[in-house]
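Participant: Handing you this structure, nothing more for now.
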Amino acid sequence: MTQNNLGNALWGLGERENGTVRLIEAVEAYRSALAVATPTTHQPLCELVTRNLANVEELVAERRHAG
């Protein structure tokens with residue numbers, strides 16, 4: 001949960017900034033969360049983190065495409 005929350009904070013900062021540095025850090029935090037929260041061990045958290053990861057990865061792709 002801590003890594004998910006860190007990802008959320010970094011995502012929020014990344015939305016306010018230009019570029020993708022904080023967004024990439026958010027991706028890394030979400031991936032760290034998924035190393036622990038698996039569908040078998042923590043299904044609801046895994047689903048939440050997976051959605052967050054997909055959303056921030058989409059934003060990274062948009063920024064890279066636009067820039």
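We did not get these values from a lab; they are worked out from the coordinates using the rules stated. Treat the numbers as computed from the prediction; the structure is a model and nothing was measured.
Participant: For the chain, state the semi-axes of the equivalent ellipsoid (square roots of 5 times the eigenvalues of the alpha-carbon gyration tensor), sorted largest first and rounded to whole angstrom. Kindly include the intermediate steps, with their values, before the conclusion.
Facilitator: Details: eigenvalues 104, 25, 12 Å².
Semi-axes from the Cα gyration tensor: 23, 11, 8 Å.
Participant: Here's another thing I want to ask about it. Okay, helix-only estimate at 222 nm for the chain: each DSSP H run of n ≥ 4 adds -39500 (n - 2.57), divide by all residues, round to 500 deg cm²/dmol; what do you get? If you can, show how the numbers build up before the last one.
Facilitator: Values: 3 runs with 55 residues, N = 67.
Mean residue ellipticity, 222 nm, calculated: -28000 deg cm²/dmol.
Participant: Output wanted: per-residue J couplings in Hz (rounded whole) for segment 38-50, from phi through Karplus 6.51 cos²θ - 1.76 cosθ + 1.60, θ = phi - 60°, x for Gly and Pro.
Facilitator: 9, x, 7, 8, 8, 4, x, 5, 4, 5, 4, 5, 4
Participant: Then there is this: Report the gain in length on full extension from THR38 to ASN8: 0.36 nm times residue separation, minus Cα-Cα distance, nm rounded to one decimal. Could you put the intermediate results ahead of the total?
Facilitator: Values: separation 30, 0.36 × 30 = 10.80 nm, distance 1.86 nm.
Extra length from THR38 to ASN8 when fully extended: 8.9 nm.
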